[in-house]
Amino acid sequence: MYLAKTIKTESGLYIYDALSNKFALVNSEQDLLDDKYYAAFLRDNDFRDVKRKCEFEVKYPLSKDELTDMFNKKVKSITLALTEQCNLRCKYCGYMAKYMDHNYHIKEMTKETAFKAIDFLMKHSQESDVCNIGFYGGEPLLKINLIKECVAYVKERYPFRQPTYNITTNATLIEEKIAIFLIENNFKITISLDGPYREQNKYRVDRKGNASYKNVYRGIEILYQKDPRYFKGNVNYNVVMYNGINRKLLESLEYLWKSDVTLIDLFETEYFKKSRDKSDEESVDEKIDEKNFDIVYRNLLLNMKKYQNAFNESDVNKTIFPGGFCVPGVRKNFITADGKIIICEKVDERQELFRIGDIYNGIDMERVNKLMNETEKRLSKCKHCWAARFCNICFMDVLSMKQEYCDQSKENIEKELGYYISRISPDRELVNYIANISLI
């Protein structure tokens, strides 16, 4: 079959046609080999002949002129890399190689660079529906004074603009004054937390290898007690799933004043591969009924959004750009300590391909074109992949996209697509719920 896949679900066997973006129930894979059955199946289901050769056209959907217009007026966000320094030494952290290199000079952002980055955002976001300033590290609260200066600068220099603020923190440095500042300025706060005492302390430790859980919990408690309503609306957790999902982990997260939780797959750095506890690899994921845990079920339904959107498109396009690629230079702009603009905080900033400009000269269209051309080149093999419409690959993965990545991606999509077909699509209430989920 070409651009098609049979999907086994609890409600039966389905065939998914990626080119037409349709699915239909079939008796068995063996029946598809029977010419008489196959002809009747195509006719009765108004289905494409999936035995005929076909392929996608892989192409980025926006033109150079459209991108230029967006760069000029519709930039949505900047994330300021205030410092590479951190008071923790999480063993899977991407900065660990730098921390262990005594010859490496830890970078810190100056006030002048931060203000110039804010000027860049304000100048180029005048027609954007979103205007957001993020603070990132290392541990950004080590630079709390600079954060306060940035907020004050916006209020003084741009009194008629009201950007939103967000910060990603390990929460160990949160004390009463910091909590009040964050609440008063309506910060969205993402707290890195891997779970209860044992899970948190296995890899999220300080420079001396000491446990971090008690300090993190204290910071969370201060935020909650200052304003429970604010907490529930503005605080969420990033949980690195370094050892799968288990009931104890989920129960502990549910107990923490039920805030939004994002479950993040582990990105295994070279440093972490050498230092990781071998017992992790021997662990087996516990069978969890997702409906028993709001955290898992919310994440699951959020992930169903892409399938819901795809199957409700009125015009199915044969030209695609696989993955979760954002518009470089618009939705996310990671500003390094020395003012370079990187497409987002997830990519390897050492790779020249991902630098698309600087805060002094703005977005460089030539660099963006180079990035997009290289990306299209590397994604050319996706034109024959049945799972391409739903692949999560993004700029972070494109330079290291190997067959193992593709195999794992297809395996995940097969499971998710089967869940959508058998559990979501027949349930109108769930379909309507997912349709109203906001991805902003």
Quick count over region 89-148, residues being of a type in the set (A, V, I, L, M), part of a helix (DSSP H, G or I) and either closer than 19 Å to PHE267 by Cα or under 25 Å from the mean Cα position of the chain (by Cα) (or both), is 11
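Taking GLN225 as the residue in question, decide whether it is of a type in the set (S, T, N, Q), open to solvent by less than 20 Å² (accessible area, probe 1.4 Å) and free of Cβ contacts under 8 Å to residues at least 40 places away in the same chain. Outline the logic, then answer.
Working: of a type in the set (S, T, N, Q): yes; open to solvent by less than 20 Å² (accessible area, probe 1.4 Å): no; free of Cβ contacts under 8 Å to residues at least 40 places away in the same chain: yes.
When the stated conditions are applied, GLN225 does not pass them.
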So, first residue within 13 Å of LYS8 (Cβ to Cβ) and open to solvent by less than 70 Å² (accessible area, probe 1.4 Å) in region 22-42, second residue hydrophobic (A, V, I, L, M, F, W, C) and in a helix (DSSP H, G or I), Cβ within less than 6 Å, six or more apart or across chains; the pairs are PHE23/ILE421
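Within region 49-58, is even one residue within 30 Å of ALA117 (Cα to Cα) and either of a type in the set (D, E, K, R) or touching a Ser or Thr at 6+ places or on another chain (Cβ under 9 Å) (or both)? Give the steps one after another, and end with the answer.
We begin by selecting, within region 49-58, every residue within 30 Å of ALA117 (Cα to Cα); these are none.
No: zero hits.
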Taking region 203-222 and keeping residues open to solvent by 20 Å² or more (accessible area, probe 1.4 Å), touching a residue at least 40 places away in the same chain (Cβ under 8 Å), closer than 15 Å to ARG89 by Cβ and not in a loop (DSSP other than H, G, I, E, B) leaves ASP206, ASN215
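Looking at region 69-77, can you tell me whether even one residue there is basic (Lys, Arg) and within 30 Å of TYR213 (Cβ to Cβ)? Break it down stepwise before answering.
Residues of region 69-77 basic (Lys, Arg): 73-74, 76.
Filter once more, so that each one left must be within 30 Å of TYR213 (Cβ to Cβ): none.
No, that holds for no residue.
In the set THR6, THR68, which member is of a type in the set (Val, Ile, Thr) and either part of a helix (DSSP H, G or I) or open to solvent by 50 Å² or more (accessible area, probe 1.4 Å) (or both)? Spell out how you get there, then give the answer.
Details: THR6 fails: either part of a helix (DSSP H, G or I) or open to solvent by 50 Å² or more (accessible area, probe 1.4 Å) (or both).
Result: THR68 is the single residue among THR6, THR68 that is of a type in the set (Val, Ile, Thr) and either part of a helix (DSSP H, G or I) or open to solvent by 50 Å² or more (accessible area, probe 1.4 Å) (or both).
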Quiz item: Condition test on ASN361, is it at pLDDT 80 or above and open to solvent by 60 Å² or more (accessible area, probe 1.4 Å)?
Solution: yes
Are any of the residues in region 71-86 open to solvent by 20 Å² or more (accessible area, probe 1.4 Å) and closer than 30 Å to ALA18 by Cβ?
no
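So is ASN369 without any contact (Cβ under 8 Å) to a residue 60 or more places away in the chain, over 18 Å from the mean Cα position of the chain (by Cα) and open to solvent by 30 Å² or more (accessible area, probe 1.4 Å) or not? Show your work before the answer.
On the way: without any contact (Cβ under 8 Å) to a residue 60 or more places away in the chain: no; over 18 Å from the mean Cα position of the chain (by Cα): yes; open to solvent by 30 Å² or more (accessible area, probe 1.4 Å): yes.
Criteria not met by ASN369.
Taking the condition of being open to solvent by less than 10 Å² (accessible area, probe 1.4 Å) and on the phi < 0 side of the Ramachandran plot, how many residues in region 343-358 meet it? Walk me through it before giving the result.
Of all residues in region 343-358, those open to solvent by less than 10 Å² (accessible area, probe 1.4 Å) come to 343, 354, 356-357.
Subset that is on the phi < 0 side of the Ramachandran plot: 343, 354, 356.
Count: 3.
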Looking across region 391-419 at residues that are open to solvent by less than 20 Å² (accessible area, probe 1.4 Å) and modelled with pLDDT of 95 or more, the single one that is farthest from ASN333 (Cα to Cα) is GLY418
Counting only residues in region 421-440 that are outside any helix (DSSP H, G or I) and of a type in the set (Val, Ile, Thr), the one nearest to ASN299 (Cα to Cα) is identified as ILE437
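Would you please name the residue that is farthest from the chain's Cα centre (by Cα), looking only at residues in region 313-342 that are over 19 Å from PRO61 (Cα atoms) and open to solvent by 40 Å² or more (accessible area, probe 1.4 Å)? Lay out the reasoning, then the answer.
Within region 313-342, the first condition is being over 19 Å from PRO61 (Cα atoms), and the residues that meet it are 333-342.
After this cut, where a residue has to be open to solvent by 40 Å² or more (accessible area, probe 1.4 Å) as well, the list is 338, 340.
Working: ASP338: 25, LYS340: 22 Å.
That would be ASP338.
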Restricting region 316-340 to residues that are at pLDDT 95 or above and in a strand (DSSP E or B), the one farthest from GLU268 (Cα to Cα) turns out to be LYS340
(1) at pLDDT below 95; (2) surrounded by fewer than 17 Cβ atoms within 10 Å (Cβ to Cβ); (3) assigned to a helix (DSSP H, G or I) all hold for GLN162 apart from (3)
Counting only residues that are closer than 16 Å to GLU139 by Cα and either in contact (Cβ under 8 Å) with a residue 60 or more places away in the chain or not in a loop (DSSP other than H, G, I, E, B) (or both), region 168-202 contains a total of 14
query = Just wondering, is there one or more residues in region 72-82 that are more than 22 Å from ILE356 (Cα to Cα), touching a Ser or Thr at 6+ places or on another chain (Cβ under 9 Å) and at pLDDT 95 or above?
reply = no
(Q) Please determine whether any residue of region 185-199 is open to solvent by less than 50 Å² (accessible area, probe 1.4 Å), modelled with pLDDT under 95, at negative phi and charged (D, E, K, R). (A) yes
Residue pairs qualifying under the 9 Å Cβ cut-off, at least six apart or on distinct chains, with the first in region 116-135 being within 13 Å of ILE363 (Cα to Cα) and the second being aromatic (Phe, Trp, Tyr) and part of a helix (DSSP H, G or I), are HIS124/PHE71
Output for Cβ contacts, cut-off 7 Å, separation at least six or different chains, first residue acidic (Asp, Glu) in region 239-255, second open to solvent by less than 30 Å² (accessible area, probe 1.4 Å) and assigned to a helix (DSSP H, G or I), reads GLU254/ILE295
Filter region 241-273 for residues that are within 28 Å of GLU176 (Cα to Cα) and either open to solvent by 50 Å² or more (accessible area, probe 1.4 Å) or modelled with pLDDT of 90 or more (or both); the one that is nearest to the chain's Cα centre (by Cα) is THR262
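The values are calculated or read from the model by the stated rules, or taken from the named source; none is laboratory data. From a predicted model like this one, the values you see are computed outputs, not experimental measurements. Virtual Cβ from ideal backbone geometry, glycine too; neighbours counted across all protein chains shown. Remember, those area values only see protein heavy atoms, side chains included, never the ligands or the DNA or RNA. Shrake-Rupley method; radii C 1.70, N 1.55, O 1.52, S 1.80 Å.
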